[in-house]
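What follows is a short report on a single structure.
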Amino acid sequence: MGPVFSHRILTATTLLIVLQTNTYSHEVGARGSQILDWHSDEISRVVSFTPYGAAGKAVIIEGKNCLQGFQFYFDVLDNFAFDVDEFVELAIEFDLATSTKAIRLDYDKNGGESTTTFIDLPPLDDERFHVEHITLERARFAGRGDFGTDFRISAHTEGEIQPRADRPHATVCDIGVERSFSTSRSDEYGWINLTIQNEHGDKTPARVALYNDSESMPLPAMSALEIKDFADLSRTMLLPVGTVNWPSGNRYAFYSDGHYRTRLPTGDYRLVVTKGIEYRFVEKRFRIDDDTTLDLSVPLERWINMPLLGWISGDIHVHIPRRDVSESHSLWLQAQAEDLHVVNSLEMGNIATTHFPQSYWGKDGRYGQNTRVVVAGQEDPRTAVRGHTIHLNLIEPTRDPDRYLLYHEVFEHVAEQGGVSGYAHLNRLGARVGMALDVPFGLVKFIEVLQRGRLGTDVWFEFLNLGYKIAPAAGSDAPYGARIGDVRSYVKSEDSQFPDGWFAGLSGAHTFVTNGPILDFELNGFGMGDEVSLSSGETISINASASINPDIDRLDRIELVEQGKVISKIISADGSNVLELSHELTAEHGTWFVVRAYGKNQKSGDGSVAAASAPIYVSVDGQRTWKQGQVVALANNMKYDLDRLVNLTLDSAGRLDEWFETRQPWISNWSSQQKLLQERVQKAKAKYDELIQLSAGQ
């Protein structure tokens, strides 16, 4: 595929010395977290953050030093309890006068079972303060939670909270921690030398876990890769629900560069090794004997080789800072462990500032070799009222806080650089409104329709039915509740210049999105993203298939969608590894087709298995590919959304992104920014009026 542009590839002589496994920042950062001045005899540190809101705080209530806020993370003193496996008793004092009654407790636990306990506080009576006694089964307290903490107390809410909705408060005034001291410690240890090999016999990075006979994972050794999550550095990761491809109830794992050496207590262990969705999973059992070394080689077997078929995987949406070469190298190794070829590491901004800094831009700033590369981009501008935008393959970042709501100026500057722009979080955070303003001008090349195992196509289909041509894309949004490669965009890349051909293929919609199913889709010999010109009465012949790695899931169905309506589907009652669909119809009008596939693993929230193709467009007798009968209604809906946007007040907008740091800039700039929007909104509405007139004429 040609050479890859790299910046300062680390050589074998490069030595990175890491002095500790976990480090935790005191800065506010992208989440607005705060370390609070609150301690108890067994609690060394308390961290608070509230999504889209201000962190909790320490308050004095009747002489007591209390915590008040949506959620709090507690770090137990390591010299009191660290890496234990025993019953622990918590005595938590609540202020019933100010605390919500529904409380949630999550804690670091051994094994793979649920770690959540729900508490219903009693009503307020004569006693204002109430102590709840909670027994934690098999508590671990190894600092594996967010911010390197051990347990979390939060106000519990039913269902999914809207991003800017007010959160209830929990008020905690004291916590006592009592150990049972029943943890068993081994006196006998051995060693394991683990080598992971690809299909060619070469050492290869992978995702790994070792579980003992009680299903606990020993803390990873220094030879595991260090992972950056926000400001936290750790060698342990908890795989979120959206990470569907994990064959264990215990979702703790780590990354290896292909060789892993550690000391383990004697006993029986289970090894799990995965490497993306194109390799079969490996599960092995082994035993560690006292004072011996086990040399274990694990060869990985491919289920499919997509690069040989011309399809290259990528994640369009990753937030990992790259301030120096070591951070670039770490991300590059993690990408290899997930078998990703293109990782787009995005600097994230709001009107006030940026987070997840990228120090390397342009072709010289790409990091990698062969056909695996990390490329800088940005998620900026982004607001909850206009949506979040993604801009890939940038020479340099671009932003103007004084004209922050005029997204199109950033889109135009990115296009001048040769970059590719689109919208993130399709069904969330105002994306539909932002797209209504930018899509008519041809600025939006892709829409992120798959994230955390949620495939959302409705809004995308609306724009396709208006006749616009937009590619689907998939981005993990790691580390926001996801791991890199949880979802991926496969792009057909014919260009020998990698990765430029990948970005060209994405822009041209020669792509499909997936977290498991692999799609094949042809219409009269044309493929995804193509436009086919036919005459009325000609035959449209469609062939599609979906296949899936049996270690991930089994297929439930494959669907053929025409202009938003499922016109054909094949269902497998028992689940299949491969499903094929063929369909013929007569060309009558301009149209478009998309193929979707679903696994048996379907959930109401995160974690479903799904895939969707880019459209194949069909122009009949030169007609547009829109759904003509819906154009008027859809265009008027877009105009209605734009009117609401331009009349939105800051109060009605609610808390915008990172409100803890954007509140003052928005208070100072909202009115002037809204005025700047008015002219652009009128131009967009005129575009929709043109569509309505054209629809009536055709």
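The values are calculated or read from the model by the stated rules, or taken from the named source; none is laboratory data. In this text the structure is predicted, and so the values were computed from the model without any measurement. Cβ atoms come from the backbone with ideal geometry, glycine included; neighbour counts cover every protein chain shown.
Restricting attention to region 430-468, the residues being closer than 22 Å to T514 by Cα and assigned to a loop (DSSP other than H, G, I, E, B) number 6.
Here G63 passes the criteria (1) at positive phi; (2) buried (at least 16 other Cβ atoms within 10 Å of the Cβ) except the one numbered (2). Evaluate region 281-299: report whether one residue or more is outside the structural domain of P479 (by TED's automatic domain parsing), within 29 Å of G501 (Cβ to Cβ), out of contact with any Leu (no Cβ under 7 Å at 6 or more places or on another chain) and not hydroxyl-bearing (S, T, Y). No, region 281-299 contains no residue that is outside the structural domain of P479 (by TED's automatic domain parsing), within 29 Å of G501 (Cβ to Cβ), out of contact with any Leu (no Cβ under 7 Å at 6 or more places or on another chain) and not hydroxyl-bearing (S, T, Y).
Residues of region 105-141 that are more than 25 Å from the chain's Cα centre (by Cα), closer than 23 Å to L210 by Cα and surrounded by 17 or more Cβ atoms within 10 Å (Cβ to Cβ): N110, R138, A139, R140, F141.
Can you spot a residue in region 183-206 that is hydroxyl-bearing (S, T, Y), part of a strand (DSSP E or B), touching a residue at least 40 places away in the same chain (Cβ under 8 Å) and within 21 Å of A253 (Cα to Cα)? Among the residues of region 183-206, at least one is hydroxyl-bearing (S, T, Y), part of a strand (DSSP E or B), touching a residue at least 40 places away in the same chain (Cβ under 8 Å) and within 21 Å of A253 (Cα to Cα), which makes the answer yes. Could you tell me whether region 383-403 includes any residue that is of a type in the set (D, E, K, R), buried (at least 22 other Cβ atoms within 10 Å of the Cβ) and modelled with pLDDT under 95? Checking region 383-403: at least one residue is of a type in the set (D, E, K, R), buried (at least 22 other Cβ atoms within 10 Å of the Cβ) and modelled with pLDDT under 95. Report, by residue number, each residue of region 624-672 that is in a loop (DSSP other than H, G, I, E, B) and either at pLDDT below 95 or in contact with a helix residue (DSSP H, G or I) (Cβ under 7 Å, 6 or more places away or on another chain) (or both). Across region 624-672, the qualifying residues are W626, K627, N647, L648, T649, G654, R655, L656, D657, E658. Taking region 281-319, which residues are closer than 25 Å to D477 by Cα and of a type outside the set (F, W, Y)? Matches in region 281-319: M306, P307, I312, S313, G314, D315, I316, H317, V318, H319. Comparison of S576, S545, S608, S604 shows that the only residue that is over 18 Å from I470 (Cα atoms), crowded, with 16+ Cβ neighbours inside 10 Å, of a type in the set (S, T, Y) and at pLDDT below 95 is S608. Apart from one condition, E679 fits all of (1) assigned to a helix (DSSP H, G or I); (2) charged (D, E, K, R); (3) over 16 Å from D438 (Cβ atoms); the exception is (3). Screening L656, L691, L648, L642 for residues that are touching a Ser or Thr at 6+ places or on another chain (Cβ under 6 Å) and not assigned by TED's automatic domain parsing to the domain that holds Y490 leaves exactly one candidate, L656. Of the residues making up region 646-698, those that are within 31 Å of the chain's Cα centre (by Cα), of a type outside the set (G, A, S) and loosely packed, with under 15 Cβ neighbours inside 10 Å number 4. Counting the residues of region 404-421 that are within 25 Å of the chain's Cα centre (by Cα), assigned to a loop (DSSP other than H, G, I, E, B) and either at pLDDT below 95 or not aliphatic (A, V, I, L, M) (or both) gives 2.
Residue-by-condition table, conditions (1) in a strand (DSSP E or B); (2) within 16 Å of the chain's Cα centre (by Cα); (3) of a type in the set (G, A, S):
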site	(1), (2), (3)
S326	no, no, yes
L333	no, no, no
S345	yes, yes, yes
A352	no, no, yes
D364	no, no, no
A376	yes, no, yes
I390	yes, yes, no
I395	no, no, no
D402	no, no, no
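On inspection, V46 passes the criterion of being modelled with pLDDT of 80 or more, over 30 Å from I395 (Cβ atoms), of a type outside the set (K, R) and not in a loop (DSSP other than H, G, I, E, B).
Once region 444-469 is narrowed to residues that are touching a residue at least 40 places away in the same chain (Cβ under 8 Å) and of a type in the set (A, V, I, L, M, F, W, C), the residue that is surrounded by the fewest Cβ atoms within 10 Å (Cβ to Cβ) is F461.
Evaluating N212 against the criteria (1) in contact (Cβ under 8 Å) with a residue 60 or more places away in the chain; (2) crowded, with 18+ Cβ neighbours inside 10 Å leaves one unmet condition, (1).
Among strands (runs of 3 or more DSSP E) entirely within region 214-293, having at least 1 residues that are among the hydrophobic types (A, V, I, L, M, F, W, C) and more than 24 Å from the chain's Cα centre (by Cα) singles out 259-265, 267-274, 282-288.
Residues in region 357-382 that are surrounded by fewer than 20 Cβ atoms within 10 Å (Cβ to Cβ) and of a type in the set (V, I, T): T371 alone. Within region 245-256, residues that are within 16 Å of K284 (Cα to Cα) sit with their Cβ atoms under 7 Å from residues that are among the hydroxyl-bearing types (S, T, Y), at 6+ positions apart or across chains, in these pairs: S248/Y211; N250/Y211. Which fully enclosed strands (runs of 3 or more DSSP E) of region 93-162 have 2 or more residues being over 30 Å from P479 (Cα atoms)? It comes to 129-139.
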